[in-house]
Amino acid sequence: MSQPDTLNLFVFIDAFGWEICKRNSFLEEVLPHRQPLATLLGYSSTCDPTIITGCLPRDHGHFSFFFYNHGESPFGWCRYLEGLPRFITRRGRVRHWLSRLIQRAHGYTGYFQIYNVPFRLLPYFDYSEKRDIYQEGGINNGNPTIFTFLRDQKIPFYLSDWRRPEEHNLSALEQDILRGEIRFAYLYLAAMDAILHQWGTRDARVREKIEGYDRSLRRILDLARRQYAHVNLTVFSDHGMTDIREQCDLIPRIESTNLRFGTDYVAMYDSTMARFWFLKPEARPPIEAVLRSETQGRILTEDELAEFGCDFPGHGYGDLIFLLNPGVLLCPSFMGETPLRGMHGYDPRDTDSIALFATNMNGFEYPKRLDDLYRIMRQSIQAEP
């Protein structure tokens with residue numbers, strides 16, 4: 001087999017939003033075309049399947065991690081843990097260990113974490129990312145991914161291992177480039193997201209991380225140019241990050257209705273939204289009344305959900321979704337009890353939510369939204385000289 005002439009290198013930097021990029025110097029002369037890229041409602045569990053399939057959430061079936069499915073929940077046995085002392089059950093290490101135990105027991109290969117969902121309530125829920133979305137059959141609705149296309153076309157490629165540290169993936173990519181056999185590379189860099197959550201968008205650690213990415217990618221690019229005649233480099237993100245300015249303690253307000261969780265309604269309290277399933281029709285009006293009086297967020301309309309591609313058949317991810325205003329953190333929530341300095345998952349039209357797209361390629365229609373990235377990746381292969 002002859003050595004390929006072109007390397008198409010796509011770098012996914014988690015949470016490296018357009019506004020953050022604009023405030024920092026990053027590969028300025030290397031990536032002359034850079035632009036904002038519209039994101040989606042939800043979190044990485046929404047965005048990442050869209051990036052690799054080109055499909056919207058309603059079509060690929062991924063949104064938030066948890067959804068109501070009392071009859072088939074894999075967490076039924078967790079109700080017996082509710083009697084454990086709270087100082088044990090709320091500890092992150094304990095929950096991380098239990099997550100690993102459940103994952104191994106069920107053979108789940110995707111990203112799996114039970115977060116802060118109360119043990120007595122876990123049996124009402126199922127989990128949406130049981131399979132590794134980057135492997136064949138990993139997408140809930142069976143949609144093919146860009147990696148399906150590459151495998152079908154027998155195109156040699158590099159794919160990051162999302163379970164491994166950035167340093168490992170950078171080194172593995174360098175080794176593949178030196179061998180000169182791959183034509184496509186998908187490098188996932190995840191550490192920026194954690195830094196932004198912990199410190200916010202304007203901390204010096206963010207600048208330091210961006211400078212580190214700049215150096216690493218310049219090194220990768222120089223190495224690739226010594227092996228290939230043409231190197232197409234594209235950097236993108238899944239969403240931005242918003243600095244937290246206030247918190248919303250919503251759960252007690254819902255509980256003040258005296259409706260019964262599991263009998264009248266079920267709720268999942270994510271970091272920036274609360275999702276409700278109404279088991280009895282009479283439960284909806286009092287909960288809606290509470291939410292409509294809440295100034296820190298709003299109930300999403302059916303038209304908005306359709307615009308965002310989140311109008312799921314049968315309202316699988318909630319009969320009603322209450323979305324917090326940008327900069328408001330639902331805390332405590334089923335995701336955690338510790339306030340953070342940065343969060344994403346707000347209205348995708350908000351400035352700080354917008355993702356980044358930057359490339360040295362030209363001659364094609366640039367993307368407008370995350371679901372266009374699949375087309376860009378396929379075109380980069382098909383347009384090789």
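Note that the chain shows a convex hull volume over its alpha carbon atoms of 140 Å³ per residue.
Approximating the spin labels as points 7 Å out from Cα along Cα→Cβ, the ASN362-to-ASN141 distance works out to 3.7 nm. Convex hull volume of the C-alpha atoms in the range 245-339, normalised per residue: 99 Å³. For GLU302, put the label point 7 Å out on the Cα→Cβ axis and report which residues of the range 259-293 keep their amide N under 16 Å from it. Output list for this probe position: 278.
For the chain, the dipole from Cβ point charges (+1 on Lys and Arg, -1 on Asp and Glu) about the Cα centre works out to 1000 debye, to the nearest 20. Our helix-only sum for the chain, with -39,500 (n - 2.57) per DSSP H run of n ≥ 4 divided by its residues, gives a mean residue ellipticity at 222 nm of -9000 deg cm²/dmol.
Only one residue of LEU81, TYR108, VAL94 has its Cα farthest out toward the positive end of the dipole of the range 66-127, where Lys and Arg carry +1 and Asp and Glu -1 on Cβ, and that residue is VAL94. Summary value for the range 245-339: 40 percent relative contact order, contacts being C-alpha pairs under 8 angstrom separated by 6+ residues. Which of the three applies to the range 185-279, rounded, prolate or oblate, going by the alpha-carbon gyration tensor with a ≥ b ≥ c and a/c under 1.5 meaning rounded? Taking the square roots of the gyration eigenvalues as a ≥ b ≥ c, the range 185-279 is prolate.
As a calculated quantity, the FRET efficiency between GLU82 and LEU178 at R0 = 45 Å, using C-beta atoms, amounts to about 0.25. Using the empirical formula 2.2 N^0.38 Å as the baseline, the Cα radius of gyration of the range 278-385 reaches a ratio of 1.46. A dipole drawn for the chain from +1 and -1 charges on Cβ atoms has a positive end, and of TYR186, ILE354, PRO286 the residue lying farthest that way is TYR186. Fully extending the segment from SER25 to GLN379 would add 124.6 nm, taking 0.36 nm per residue of separation and subtracting the current Cα-Cα distance. If Lys and Arg each add +1 and Asp and Glu each add -1, what is the summed charge of the other residues whose beta carbon sits under 12 Å from the beta carbon of GLY262? Result for the neighbourhood of GLY262: +3. With one equal scatterer per alpha carbon and no solvent term, the Debye-computed log10 I(q)/I(0) for the range 4-76 at 0.12 1/Å reads -0.53. So how far, in whole Å, is the C-alpha centre of the range 354-383 from the one of the range 297-321? With the range 354-383 and the range 297-321 each reduced to a Cα centre, they are spaced 28 Å. Using DSSP, restrict attention to beta bridges with both residues in the chain and report what percent are antiparallel, rounded to the nearest 5. Bridges in the chain that DSSP calls antiparallel: roughly 55 percent.
Basic side chains Lys and Arg get +1 at the Cβ, acidic Asp and Glu get -1 at the Cβ, and with that the dipole of the range 245-339 about its Cα centre reaches some 240 debye. Each residue of the range 258-270 was assigned a 3J(HN,Hα) from its phi angle through the Karplus expression (A = 6.51, B = -1.76, C = 1.60, θ = phi - 60°), giving 6, 6, 9, 5, x, 10, 9, 7, 10, 9, 10, 9, 7 Hz with x at Gly and Pro. Max-minus-min Cα coordinates of the range 128-172 on each principal axis give 33, 29, 9 Å, with the largest extent listed first. Here the spin labels are modelled as points 7 Å beyond Cα on the Cα-Cβ line, and at ARG349 and GLU337 they lie 3.8 nm apart. Convex hull of alpha carbon positions in the range 72-147: directionally averaged projected area 5.5 nm².
FYI, it's all coordinate maths here, none of it is from the lab. As the structure is a computational prediction, the values presented were derived from the model and not from experiment. Here Cβ is always computed from backbone atoms with ideal geometry, including for glycine, and neighbour counts include all displayed protein chains.
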